[in-house]
Amino acid sequence: MLDMAILGLLREGPMHGYELRQRLLDFGFWRISFGSVYPALRRLEKAGHIEVRPGSGRRKEYMITAEGKEYFQEILEDESSEVENTTAFRVRLAFFKYMEPNTRIGFLERRKAVLRERITNTRSSIRKTADRVDRYTSSLMQHGVRSAEADVAWLDELIESERDDANGAKAS
């Protein structure tokens with residue numbers, strides 16, 4: 001996920017390591033240290049996905065290569081990728097602008113299916129364990145259902161918007 005996020009940010013333009021780390025923190029998906037960012041940058045450079053040039057002062061500036069853009073697109077659109085993992089899905093969502101509408105819709109539909117299954121399974125667990133769990137555990141399970149339902153509603157809105165945009169583009 002980190003490699004995809006770094007490459008996605010570099011698609012926007014060259015950045016130095018500190019700026020990349022700050023942008024990753026701004027996403028709010030995880031706390032990230034320089035001890036994670038710089039090894040990832042070295043790995044991406046070694047693979048030919050980014051190049052480094054001298055920046056201002058002692059800073060290095062990182063830029064995505066043509067190979068890096070291809071690799072980014074590959075991992076971004078990988079249909080076997082996780083849609084179950086909330087963080088992985090959200091990182092991918094942050095770069096949806098680089099996908100075709102039908103590909104975006106596919107990811108959103110798969111995520112919605114995962115959440116609906118989670119809702120069904122949790123409701124079943126609530127019924128099965130009603131006499132064995134305390135009110136706090138039960139409340140936590142109910143909260144999970146409500147959160148997933150809210151996410152499904154949000155995904156429905158995104159999907160509808162994507163379809164409207166796709167239909168509008170066809171009409172033009």
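The values are calculated or read from the model by the stated rules, or taken from the named source; none is laboratory data. Predicted, not measured: the structure shown is a model, and the values here were computed from it. When we count neighbours, we look across all protein chains shown, and the Cβ atoms used for this are built from the backbone with ideal geometry, even at glycine.
Below, the figures for the structure above:
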quantity: The one condition in (1) surrounded by 14 or more Cβ atoms within 10 Å (Cβ to Cβ); (2) under 16 Å from M1 (Cα atoms); (3) out of contact with any Asp or Glu (no Cβ under 7 Å at 6 or more places or on another chain) that E74 fails to fulfil; calculated: (1)
quantity: Test: residue in segment 4-20 that is among the hydrophobic types (A, V, I, L, M, F, W, C) and outside any helix (DSSP H, G or I); calculated: yes
quantity: Complete set of residues in segment 85-98 that are surrounded by 14 or more Cβ atoms within 10 Å (Cβ to Cβ) and either charged (D, E, K, R) or touching a strand residue (DSSP E or B) at 6+ places or on another chain (Cβ under 8 Å) (or both); calculated: R90, R92
quantity: Failed item, numbered, when R116 is tested on (1) modelled with pLDDT of 95 or more; (2) under 18 Å from the mean Cα position of the chain (by Cα); calculated: (2)
quantity: Answer residue from segment 29-54, given it is touching a strand residue (DSSP E or B) at 6+ places or on another chain (Cβ under 6 Å) and assigned to a strand (DSSP E or B) and is surrounded by the most Cβ atoms within 10 Å (Cβ to Cβ) among those; calculated: I50
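Matching residues to (1) free of Cβ contacts under 8 Å to residues at least 40 places away in the same chain; (2) surrounded by 13 or more Cβ atoms within 10 Å (Cβ to Cβ):
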position	(1), (2)
L115	no, yes
T120	yes, no
S125	yes, yes
S138	yes, yes
L155	no, yes
L158	no, yes
